[in-house]
Amino acid sequence: MSIQYIYPEFEVIRNENRCIACRVCERQCANEVHSYNEDKKVMISDESKCVNCQRCVSLCPTRALKIVKSDCTLRENANWQNDTIKEIYKQAGSGAVLLSSMGNPKSFPVYWDKILINASQVTNPPIDPLREPMETKVFLGKKPDVIQRDENGNIKCEMPPQIELSMPVMFSAMSYGSISYNAHASLARAATELGILYNTGEGGLHEDFYVYGPNTIVQVASGRFGVHEDYLSAGAAIEIKMGQGAKPGIGGHLPGAKIVGDVSKTRMIPEGSDAISPAPHHDIYSIEDLRQLVFSLKEATEYKKPVIVKVAAVHNIAAIASGIARSGADIIAIDGFRGGTGAAPTRIRDNVGIPIELALAAVDQRLRDEGIRNNVSLVVGGSIRSASDVIKAIALGADACYIATAALLALGCHLCRTCQSGKCNWGIATQRPDLVKRLNPDIGSERLVNLMNAWRHEIKELMGGMGINSIEALRGNRLMLRGVGLNEKELEILGISHAGE
Amino acid sequence: MLIDAKELGYKEINEKIRESGKECEIVGALGQRFIAAGMSGKTISIDGVPGNALGAYLNGASIKVKANAQDAVGDTMNDGLIVVGGNIGDAAGYAMRGGKIFVKGDAGYRAGIHMKAYKEKIPVMIIGGRAGSFLGEYQAGGIIVVLGLKNESAHDNSGKIVGYFPCTGMHGGKMYLRSDCEGIKFPGQVNVAHAKGKDLDELKEYIGEYCEEFGLNADEILDADFTVVTPDSKNPYKQMYVAN
Ligand code: SF4
Ligand code: SF4
């Protein structure tokens, strides 16, 4: 073997006593790991191609398969870890930039897991959500600072455009192209059934999905793919994508190989052509320029749609958000550094940006200090994994959360982190028709609805425990949170006390 | 309908355009932004100087400006026609996907960035004078033509037909420059050639249309050297990445 040879990361363990050579695994693995040896009448595997997506394991009828991490590793070294060394081999062999998928897998602190939620005891009784009404509905958009009355003393009720959500969670941007038609269909249908919104991402809106417009956020990114008047008018809101948590400061790039058929039509670019979203919007170099894009979109849609500006959580996020809040945007979406992606340079994904928990706390505080918090709603994403993460985010000041990885998991994603290959065995991050059809949108949307309904129950239960009966009363209520194992600076930024205080 | 823009903000102007019939004459424009954003089915003439983002997301309307226009003309335009009798500012035709922009004078920086095309939808931008730096960056489709004609309103007509860094990241479409392009530095991933044969036929059609708008002589304009720039790959970044 050559100097470049890297021992496969995973081993395919086949229990020969159980294997009936039905060849299901062979048909199911788009990575072509399994094959049938006619001479010996046995299944064999080339584990070097395995990405540990668990598809074959899940579908083997006799449970003959398991995938394990190989124990053939380089000598242990706390500084030069296996992955680090393998990455060097890959780059020495190719001269290329490392490309990864899904969110940052490194062991950075997860602040959600160091924050605990309050509950009422004795003095302020908890509320039982089974017995009493609990409000999980939220409205996103600019809110007036003061009550205004007309000359007859009646309250003026006209509000800037709002998004109504039945619960404070939305499916965040994933483009058609990076994920499949069936994945989009599942998200669109589930959002409609749930009374929440999904997001087209930057790949345009497939003509079949215009019917879900009232539950759709249409995105405008630097490449402006598929953006035209009908598209802008179709959605419930328009999102300007300035950045993404997984790759702050760089653009998007969907390889030509994925621009096929309807993806090409929806993006309105020729088949096989790379879809390049430049790093910046080349017409936005300042908050003033951003304001221009915000208002050009509002003009084009006659002020009927709220405009969201999505940015990645980066070092100066509080100042940036303050600028955006003055740009005329109705909603700011902030994406933390653990947010997922269909493909991002490894070094950027793993090293750029900041945790969403800190970014959110800093932004909410800054907007309050400046008296402009009501100018905008705040939506946060970048690894919201559960109902308790949602509760914590809202108590830290968010109006709603964006989820994407969690939604894909509900659709069957097994987090193998090879979406960039386009061979997703679960029919999600792929455009191969034989793979796409593995994801049934009837089942997919049902699973998403289940997940959200379960979270809604948990949200109610957690709120009830705190003696709070509406999301409104929880928002920015940091007294409901305590930190554990956090230092003073972290507590100061999060604006919470330590447990026991 | 006649709209006197002098006392109006952009919101009121657009409301009036929407209310008006097909024909619409705006006088006294004083830098109001977003005029005709997203509109279709209107023929609009503008006297005075319209502000930034004129005809953004334009969807089939036709806009004629006698004087200059400012930045971001025809941003993300889908269909229609924008004709400007003077010069235009920066970032014209950003991500334009259809329709035509004809400018008699010069264009500022970053014209035609990320213009794209799909099937029969081919956007065309023709600049009569010269274009600033970064012309056609990331161009993904469509046609950009720069004629380098003498610009009466410019102080100095001796500069190059296009500024620095044209065609960076270009991966689709075509650019025609009425010049031998000596001394102009193009990036590695584009082909730069002398326009002839089929290219010239295509050009003739567009220039004809352009000349009709401004009462110019097409034969005179075409009687010159044209350079044609095309990308040499639709996948400029293909080799840059290794899966990790
Ligand atoms: S890539 Fe997936 S389907 Fe193929 S062998 Fe590995 S776990 Fe099984
Ligand atoms: S979407 Fe598919 S390819 Fe991507 S991580 Fe999930 S299972 Fe793997």
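The values are calculated or read from the model by the stated rules, or taken from the named source; none is laboratory data. Predicted, not measured: the structure shown is a model, and the values here were computed from it. Virtual Cβ from ideal backbone geometry, glycine too; neighbours counted across all protein chains shown.
Points worth noting:
- Any pair with Cβ under 6 angstrom, 6 or more apart, that starts in region A:432-457 at a residue that is on the phi < 0 side of the Ramachandran plot and ends at one that is assigned to a helix (DSSP H, G or I) and surrounded by fewer than 18 Cβ atoms within 10 Å (Cβ to Cβ): A:V449/A:E193
- Extreme residue, nearest to the chain's Cα centre (by Cα), among residues of region A:341-373 that are more than 14 Å from chain B (Cβ to nearest Cβ) and either at positive phi or at pLDDT below 95 (or both): A:G353
- Residue in region A:274-282 that is in contact with a helix residue (DSSP H, G or I) (Cβ under 7 Å, 6 or more places away or on another chain) and farther than 24 Å from A:G235 by Cβ present: yes
- Members of region B:151-168 found to be touching a Pro at 6+ places or on another chain (Cβ under 7 Å) and surrounded by fewer than 22 Cβ atoms within 10 Å (Cβ to Cβ), listed by number: B:T168
- For region A:267-280, taking the residues that are within 8 Å of chain B (Cβ to nearest Cβ) and in a loop (DSSP other than H, G, I, E, B), the one that is surrounded by the fewest Cβ atoms within 10 Å (Cβ to Cβ) is identified as A:G272.
- Note on region A:461-501: residues that are among the β-branched types (V, I, T) and outside any loop (DSSP other than H, G, I, E, B) amount to 2.
For (1) under 16 Å from the mean Cα position of the chain (by Cα); (2) within 16 Å of ligand 1 (Cβ to nearest atom), each residue gets a yes or a no:
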| position | (1), (2) |
| --- | --- |
| A:A395 | no, no |
| A:C419 | yes, yes |
| A:G422 | no, yes |
| A:G427 | no, yes |
| A:T430 | no, yes |
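- Elements of type helices (runs of 4 or more DSSP H) contained in region A:302-407, each with 3 or more residues being over 30 Å from A:L99 (Cβ atoms): A:317-325, A:356-369, A:387-396
- Residue within region A:36-49 that is within 14 Å of chain B (Cβ to nearest Cβ) and within 16 Å of ligand 1 (Cβ to nearest atom) present: yes
- Conditions (1) within 14 Å of chain A (Cβ to nearest Cβ); (2) more than 30 Å from A:K49 (Cβ to Cβ): number failed by B:S233: (2)
- Filter pass, B:G9 being surrounded by fewer than 13 Cβ atoms within 10 Å (Cβ to Cβ), within 14 Å of chain A (Cβ to nearest Cβ) and in contact with a Lys or Arg (Cβ under 7 Å, 6 or more places away or on another chain): no
- Some residue of region B:226-239 being in contact (Cβ under 8 Å) with a residue 60 or more places away in the chain, among the aliphatic types (A, V, I, L, M) and assigned to a helix (DSSP H, G or I): no
- Among the residues of region B:12-27, the ones that are in a strand (DSSP E or B) and surrounded by 14 or more Cβ atoms within 10 Å (Cβ to Cβ) come to 3 in all.
Yes or no, residue by residue, for (1) modelled with pLDDT under 95; (2) surrounded by fewer than 22 Cβ atoms within 10 Å (Cβ to Cβ):
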residue	(1), (2)
B:M77	no, no
B:V83	no, yes
B:I88	no, no
B:A95	yes, no
B:I101	no, no
B:K104	no, no
B:A111	no, no
B:A117	yes, no
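- Counted residues, region A:413-456 - those being within 22 Å of A:P345 (Cβ to Cβ), near ligand 2 (Cβ under 7 Å from one of its atoms) and part of a loop (DSSP other than H, G, I, E, B): 8
- Qualifying residue in region A:215-232 (condition: more than 25 Å from A:P161 (Cα to Cα), more than 10 Å from chain B (Cβ to nearest Cβ) and modelled with pLDDT of 90 or more): no
- Residues (at pLDDT 95 or above, of a type in the set (V, I, T) and in contact with a strand residue (DSSP E or B) (Cβ under 8 Å, 6 or more places away or on another chain)) located in region A:1-43: A:V12, A:I13, A:V33
- Exclusive hit being within 14 Å of another protein chain (Cβ to nearest Cβ), basic (K, R) and either buried (at least 17 other Cβ atoms within 10 Å of the Cβ) or under 30 Å from A:A30 (Cα atoms) (or both), set A:K437, A:K460, A:K423: A:K423
- A:L491 meets all of the listed conditions (1) free of Cβ contacts under 8 Å to residues at least 12 places away in the same chain; (2) under 23 Å from A:A191 (Cβ atoms) but one, namely (2).
- Those residues of region A:282-292 which are touching a residue at least 40 places away in the same chain (Cβ under 8 Å) and at the interface with chain B (Cβ under 8 Å from one of its Cβ atoms), in sequence order: A:H282
- Here A:R23, A:R27, A:R63 are screened, and the one residue that is under 31 Å from the mean Cα position of the chain (by Cα), of a type outside the set (A, V, I, L, M) and either within 16 Å of ligand 1 (Cβ to nearest atom) or within 14 Å of another protein chain (Cβ to nearest Cβ) (or both) is A:R27.
- Sole exception among (1) under 32 Å from the mean Cα position of the chain (by Cα); (2) more than 16 Å from ligand 1 (Cβ to nearest atom) for A:M102, by number: (2)
- Yes/no for A:S101 being within 14 Å of another protein chain (Cβ to nearest Cβ), small (G, A, S) and in contact (Cβ under 8 Å) with a residue 24 or more places away in the chain: yes
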